[in-house]
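Below is one structure, written out as structure tokens, with a few remarks after it.
Nothing in this text is a laboratory measurement; each read-out follows from the coordinates by a stated rule. Fair warning: this is a prediction, and the values are worked out from it, not measured in the lab. Methodologically, a virtual Cβ is constructed for each residue, glycine included, from the backbone with ideal geometry; neighbour enumeration extends over all protein chains shown.
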Amino acid sequence: MMQGLRLTTHNSRLMTHDLRLTTDNLFYIETYGCQMNANDSEVVAAIMQDAGFTMTDDKQKADVLFINTCSIRDNAEQRVWGRLDVFRLLKQHKPSLIVGVLGCMAERLKEALLENGTVDLVAGPDAYRSLPQLVREAESGQKGINTLLSREETYADISPVRMDKNGVTAFVSIMRGCNNMCAYCVVPYTRGAERSRPAQTIVAEVQELLRNGYREVTLLGQNVNSYAWKNTDDPSKTLDFAKLLELVALIDPALRVRFSTSHPKDMSNAVLYTIAMYPNICNHIHLPVQSGSTRLLQIMNRGYWRESYLERIAKIREIIPECTISTDIIAGFCGETDDDHAQTLSLMREVGYDAAFMFKYSERPNTKAARHFPDDVPDEVKTKRLNEIIALQNRLSLESNRRDTGKTFEVLAEGPSKRSAGALAGRTAHNKVVVFPKAHFKAGDYVTVKITQCSSATLMGEPV
Ligand code: 5AD
Ligand code: SF4
């Protein structure tokens, strides 16, 4: 906090550039949505700190309050509007408080947010470098807005300020945006076109994490399998995701590597062989299916169908026999019939997913589905189907965990268990949470644990 030219927020409405060294200019970030958003907040923190601001985890003390938002489903947006009502009250007590909305909702709702009264600045996912400037404009009483999407921005040179509390696992963005245009999805509109981050900056960030004691990285992108970085010296050479995964795995055998999210249509055999070859690449693949019905997958514009998805699953099982597989499923997409739904349930059984994220379809304005297909499955039918999907997945997860009972796994300890005092929690390479007695172990240790009991969500065991 000793950097030069600064604005203090107490006199900010008068717009005086203040040269005093001050401990004010505290910013607070609240984050909603996916892991990409969590990582973006870390980038925002780095940009703000570089500009001389200091992060606080006490929003009562903050001079600048950021809310990093998600638009993927309507309920995610509703939650943010609710938070803005709370921030309005804070602002009544502290009129100099600057409230900034970041991320997907900022991109989607620009003017509506600024008209809300509580919001002073709005910055889309590619506009975070301009945040210090936008804050200054807001302090001068001018509403700040930057929602320009970029074809190049990857924040490649920015070293995120780690906000994950455990100091053991970290997320590393390898690309931004999405070109897939799934009919239901707002992401291509809010996060823009797909672009890959230079491989050398990814490797450097992972090396730095390792030096700082981290033991696991998750490479993040909306569609990591289409990662492609062109060598600037020789554009004919493109580095693909399989190669990037290998580069990261080679950094240190003691560093676990995960990745998310894979698109089934782009999941190459080369990636599967790379996972099989390096023991430190975790044997877990998140492969969102969305629906088990080919008819619906085509309307969703997913670029694969039931049979080709199952062929990818068979290939995973053939090349990485121990691999766990998780998925995302949407219940009640436009035109979904009882038969389509039954096909989703049958596909779930056929794959035997180890875990799943399950959602009711939520129409997003301006997407292809919103423009062309009526949201015609009644809410109670969506709820009933979602409940059936959840009940089935609970059974499948329990079966998967029961198969692990009696086996021994290497668990990377992440920190104290939330549920059981005196116990540690960590994950297996298969991405299953394991709770075990703390004994002399600490976060960051690899602990060999024999599984003795399980629920559908957690394995419990004893160190051996
Ligand atoms: N409604 C419901 N779920 C959605 N997802 C994306 N868009 C929507 C939507 N409009 C789900 C998909 C995706 C996950 C991140 O969110 O399952 O894989
Ligand atoms: Fe959305 Fe499809 Fe892109 Fe995933 S792949 S972010 S679901 S458009």
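Quick notes on this one:
- Spin-label zone in the stretch 262-300 - amide nitrogen under 17 Å from a point set 7 Å from the Cα of D328 along the C-beta vector: 262-267, 285-293, 297-300
- Cross-link partners of K438 among aspartates and glutamates (Cα-Cα below 19 Å; sequence separation of 8 or more within a chain): E410, E414, E462
- For the stretch 283-390, average projected area of the Cα convex hull in nm²: 6.5 nm²
- Gyration tensor (alpha-carbon) shape descriptor, the stretch 408-463, a/c threshold 1.5: rounded
- Gyration tensor analysis over the Cα atoms of the stretch 186-313 returns equivalent ellipsoid semi-axes of 27, 18, 14 Å (largest first, whole Å).
- Once the Cα gyration tensor of the stretch 9-146 is diagonalised, semi-axes √(5λ) in Å: 22, 16, 14
- Cα centre as origin, Lys/Arg/Asp/Glu Cβ charges: the stretch 9-146 dipole, Debye: 280 debye
- Spin-label model, L89 to M181: label points 7 Å out along the Cα-to-beta-carbon direction sit 4.5 nm apart.
- When only the Cβ of Lys, Arg, Asp and Glu is charged (+1, +1, -1, -1), the dipole of the stretch 169-403 relative to its Cα centre reaches about 300 debye.
- Model label zone, L250; criterion: amide N under 14 Å from point 7 Å along Cα-to-beta-carbon; scope the stretch 273-313: 274, 278
- Lys/Arg +1, Asp/Glu -1 at C-beta; the chain dipole; positive extreme among I325, S455, F241: S455
- For N146, net neighbour charge (Lys/Arg +1, Asp/Glu -1) across residues whose Cβ lies under 12 Å away: -1
- Applying a 4.7 Å Cβ-Cβ cutoff to the chain, the cysteines left without a disulfide-compatible partner are C34, C70, C104, C178, C282, C323, C334, C454.
- Between S455 and K237, the FRET efficiency estimated from the beta carbon spacing at R0 = 56 angstrom works out to 0.70.
- Per-peptide average of other Cβ atoms within 10 Å, ordering 383-395, 122-134 highest first: 122-134, 383-395
- Cβ crowding within 10 Å averaged over residues, with 234-247, 197-210, 292-305, 101-114 ranked highest first: 101-114, 292-305, 197-210, 234-247
- Values of log10 I(q)/I(0), in the order q = 0.12, 0.25 Å⁻¹, for the stretch 93-187 under a Debye, Cα-only, solvent-free model: -0.49, -1.25
- Over the C-alpha atoms of the stretch 160-246, the Rg to Rh ratio, Rh being the Kirkwood estimate, stands at 1.02.
- Whole-angstrom gap from the stretch 399-428 to the stretch 45-103, using each part's C-alpha centre: 35 Å
- DSSP assigns beta bridges within the chain; of those with both partners inside it, close to 35 percent run antiparallel.
- Extents of the stretch 86-126, largest first, come to 31, 17, 14 Å (Cα atoms, principal axes, whole angstrom).
- Positive-end extreme of charge dipole, the stretch 9-146 - chosen from M36, N116, G52 (charges on Cβ): N116
- Full-extension gain in nm, Q298 to E462, via 0.36 nm per residue minus C-alpha separation: 54.3 nm
- Mean projection area, nm², convex hull over Cα of the stretch 169-403: 13.6 nm²
- Pairwise inverse Cα distances across the stretch 190-234, averaged and inverted, put the Kirkwood hydrodynamic radius at 12.3 Å.
- Counted over the chain with a bin width of 10 Å, the fraction of Cα pairs per bin, in whole percents, is 4, 18, 27, 27, 17, 5, 1.
- Projected label points at D57 and S150, each 7 Å from Cα along the beta carbon direction, are separated by 3.0 nanometres.
- Computed over neighbours whose Cβ is under 13 Å from that of E462, the net charge equals +3, Lys and Arg +1, Asp and Glu -1.
- Share, in percent, of DSSP beta bridges within the stretch 169-403 that are antiparallel, nearest 5: 20 percent
- Gap separating the Cα centres of the stretch 435-464 and the stretch 122-187, nearest whole Å: 37 Å
- Between K230 and S268, the contour length at 0.36 nm per residue exceeds the alpha carbon distance by 11.8 nm.
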